[in-house]
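Shown next, in structure tokens, is the structure this report addresses.
The values are calculated or read from the model by the stated rules, or taken from the named source; none is laboratory data. In this text, all values refer to a predicted model and were calculated from it rather than measured experimentally. Cβ coordinates were reconstructed from backbone atoms using ideal geometry, including for glycine residues, and neighbour counts include every protein chain displayed. The accessibility values were calculated without ligands, DNA or RNA, using every heavy atom of the protein model including side chains. Shrake-Rupley method; radii C 1.70, N 1.55, O 1.52, S 1.80 Å.
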Amino acid sequence: MPVVVNPATEETIVELDDAGVAEADAAVARAKAAFSAWRAVAPSDRARLIRRLATLVEEHADELARIESENVGKPIGGARAEVAMVAEVFHFYAGAVDKHHGQTIPVAGGVDLTFREPLGVVGLIVPWNFPLNISSWKLGPALACGNTVVLKPAELTPLSALRLAELVLDAGIPEGVVNVVVGPGRVVGQRLVEHPDVAKIGFTGSTEVGRGVMQGAAGTIKRVTLELGGKSANVVFADADLERAAASAPYAVFDNAGQDCCARSRILVERPAYDRFVELLVDATSKVKVGDPRNEQTEMGPLISAQHRETVASFVDGEPIFRGEAPNGRGYWFPCTLVEASNQDRVAREEVFGPVAAVIQFTGEEEAVRIANDTPYGLSGSIWTENGARALRVARALETGVLSINSNSSVRPSTPFGGAKQSGFGRELGMQALDGYSDVKNVFIAT
Ligand code: NAD
């Protein structure tokens with residue numbers, strides 16, 4: 001029986017029954033049975049239902065934020081912002097329902113039409129770091145395209161998805177269209193990946209598990225999109241606005257206690273600016289408010305589990321440049337930590353998924369690009385420079401799916417998000433996500 005724990009207090013929130021293969025199969029059967037009616041719902045009505053869900057999320061924002069904050073240990077302010085994004089995502093895809101459509105293509109001898117067809121039952125597998133957000137990134141386009149869904153949240157953080165499933169019904173979306181199954185990844189997740197009636201897996205999680213998902217999906221030639229790990233670079237050139245870059249850098253790593261696939265956890269600094277930048281960075285990092293997630297002022301909460309804290313701790317050996325404060329006692333706390341590193345060090349090569357940033361020096365643009373790209377990952381990243389031509393040159397050269405220039409923010413409902421290299425493939429958010437939840441059917445009519 002999975003025990004759902006508050007990572008800030010180590011107290012049990014609830015114990016849930018563990019689903020297994022039988023429950024996964026039953027959920028797939030319900031989704032399959034609901035498919036033909038759901039795909040036949042008029043686009044304007046489907047849009048209205050998704051929009052109603054968005055509105056219900058807004059009306060229950062405080063409750064959902066509280067659930068997410070307690071279950072993940074997220075600061076309540078951040079959790080509220082995430083719930084606001086969830087509503088925005090559903091609004092976006094409600095608006096997208098009748099704007100993602102086929103074409104007529106000029107051909108000889110007739111008329112050629114393309115249709116956008118839903119795939120059928122899609123399995124959505126979600127990690128524990130942004131449970132509700134990432135669920136909405138998948139649910140929004142899946143529903144907009146007319147698919148039915150089996151959603152599997154992470155074992156550690158199922159509560160917001162379960163509440164969302166109730167709101168889905170309250171919105172008037174028919175029973176069976178969205179099914180949530182809470183159970184172990186290697187049982188329920190694996191079953192969805194291999195199930196012959198599941199047409200596609202939208203997976204977000206680690207690169208290691210993603211590799212297995214891809215292999216498991218091969219048996220039924222299932223479509224997969226994989227949103228995997230990252231080791232993103234925050235590249236600061238000497239001509240940057242160092243004050244702004246340094247003020248922003250801590251939040252690009254320590255947000256969500258570093259448990260963020262987009263974390264710019266390699267901070268690359270051009271040598272002439274290194275000392276000044278590190279001084280500013282240490283100052284900014286020392287101001288990150290770590291503590292009780294219920295406190296409105298808190299900016300960073302605990303890690304998700306004791307086991308994960310051990311893993312994070314294993315990345316820090318030797319004396320860091322800076323180690324912040326974190327509460328003692330109950331809760332899986334870990335302080336903001338800055339370490340000086342070379343790009344060959346383990347802390348710079350592997351995803352820490354905790355509040356540890358590697359600060360790395362470089363000389364010149366070419367070396368910056370080489371170091372930034374010297375990783376198997378390619379999810380996000382930032383470039384800080386006042387030289388516009390260089391910003392664009394480096395942006396084109398970096399092997400990554402998402403980038404920001406003079407900013408560390410990269411996720412918006414209307415813009416595509418996803419990885420390059422071993423950070424995965426397929427795009428979430430934006431109109432692009434709809435391509436991943438539909439197939440193109442081509443019809444030629446002889447005239
Ligand atoms: P994880 O890979 O351990 O688990 C992710 C999900 O997969 C969970 O629901 C889990 O139960 C399920 N799962 C586990 N084994 C499975 C199997 N054999 N078959 C099918 N499903 C299985 O990841 P996590 O620890 O929950 O999350 C952290 C990871 O997620 C990090 O690597 C992070 O970078 C990544 N992530 C990526 C993005 C992105 O958009 N690229 C976003 C958030 C998190």
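Yes or no, residue by residue, for (1) open to solvent by less than 70 Å² (accessible area, probe 1.4 Å); (2) assigned by TED's automatic domain parsing to the domain that holds Val269; (3) among the polar types (S, T, N, Q):
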{"position": "Val288", "(1), (2), (3)": "yes, yes, no"}
{"position": "Thr311", "(1), (2), (3)": "yes, yes, yes"}
{"position": "Val316", "(1), (2), (3)": "yes, yes, no"}
{"position": "Arg330", "(1), (2), (3)": "no, yes, no"}
{"position": "Thr337", "(1), (2), (3)": "yes, yes, yes"}
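Just a yes or no: is a residue in the range 106-115 within 21 Å of Pro174 (Cβ to Cβ) and either within 9 Å of the ligand (Cβ to nearest atom) or touching a residue at least 24 places away in the same chain (Cβ under 8 Å) (or both)?
Filtering the range 106-115 for residues within 21 Å of Pro174 (Cβ to Cβ) gives none.
Looking through the range 106-115, none of the residues is within 21 Å of Pro174 (Cβ to Cβ) and either within 9 Å of the ligand (Cβ to nearest atom) or touching a residue at least 24 places away in the same chain (Cβ under 8 Å) (or both).
For the range 226-239, a residue qualifies if it is under 21 Å from the mean Cα position of the chain (by Cα), of a type outside the set (D, E, K, R) and either more than 10 Å from the ligand (Cβ to nearest atom) or farther than 20 Å from Lys138 by Cβ (or both), and the qualifying residues are Ser232, Ala233, Asn234. Can you work out which of the residues in the range 173-208 that are farther than 20 Å from Ile50 by Cβ and basic (Lys, Arg) is nearest to the ligand (Cβ to nearest atom)? The qualifying residue nearest to the ligand (Cβ to nearest atom) is Arg186. Among the residues of the range 108-120, none qualifies, meaning not one is open to solvent by less than 10 Å² (accessible area, probe 1.4 Å), in a helix (DSSP H, G or I) and under 15 Å from Val178 (Cα atoms). Per the conditions (1) open to solvent by less than 20 Å² (accessible area, probe 1.4 Å); (2) under 15 Å from Asn442 (Cα atoms), the sole criterion not satisfied by Tyr93 is (2).
Of everything in the range 249-265, what is touching a Lys or Arg at 6+ places or on another chain (Cβ under 9 Å) and either more than 12 Å from the ligand (Cβ to nearest atom) or at pLDDT below 95 (or both)? Give them in sequence order. Steps first, please.
Restricting attention to the range 249-265, the residues satisfying the condition of being touching a Lys or Arg at 6+ places or on another chain (Cβ under 9 Å) are 249-250, 252-253, 256-257, 263, 265.
Once the filter is applied, which keeps residues that are touching a Lys or Arg at 6+ places or on another chain (Cβ under 9 Å) and either more than 12 Å from the ligand (Cβ to nearest atom) or at pLDDT below 95 (or both), the range 249-265 yields Ala249, Pro250, Ala252, Val253, Ala257.
Looking at the range 345-356, is at least one residue among the hydrophobic types (A, V, I, L, M, F, W, C), away from the ligand (no atom under 16 Å from the Cβ), in the same structural domain as Arg276 (by TED's automatic domain parsing) and surrounded by 24 or more Cβ atoms within 10 Å (Cβ to Cβ)? Let's see the steps before the verdict.
Start the filter on the range 345-356 by keeping residues that are among the hydrophobic types (A, V, I, L, M, F, W, C), which leaves 347-348, 352-353, 356.
Those left that are additionally away from the ligand (no atom under 16 Å from the Cβ): none.
Within the range 345-356 (the criterion being among the hydrophobic types (A, V, I, L, M, F, W, C), away from the ligand (no atom under 16 Å from the Cβ), in the same structural domain as Arg276 (by TED's automatic domain parsing) and surrounded by 24 or more Cβ atoms within 10 Å (Cβ to Cβ)), the answer is no, since none of the residues qualifies.
Kindly indicate whether any position in the range 404-416 is open to solvent by 10 Å² or more (accessible area, probe 1.4 Å), among the aliphatic types (A, V, I, L, M) and within 16 Å of the ligand (Cβ to nearest atom). Yes, that holds for at least one residue. Of all residues in the range 433-440, one or more are touching a residue at least 40 places away in the same chain (Cβ under 8 Å), part of a helix (DSSP H, G or I), within 29 Å of Phe254 (Cβ to Cβ) and assigned by TED's automatic domain parsing to the domain that holds Ala87.
Taking first residues from the range 205-228 that are at pLDDT below 95 and open to solvent by 20 Å² or more (accessible area, probe 1.4 Å) and partners that are within 11 Å of the ligand (Cβ to nearest atom) and not hydroxyl-bearing (Ser, Thr, Tyr), no Cβ contact under 7 Å between residues at least 6 apart in sequence or on separate chains turns up.
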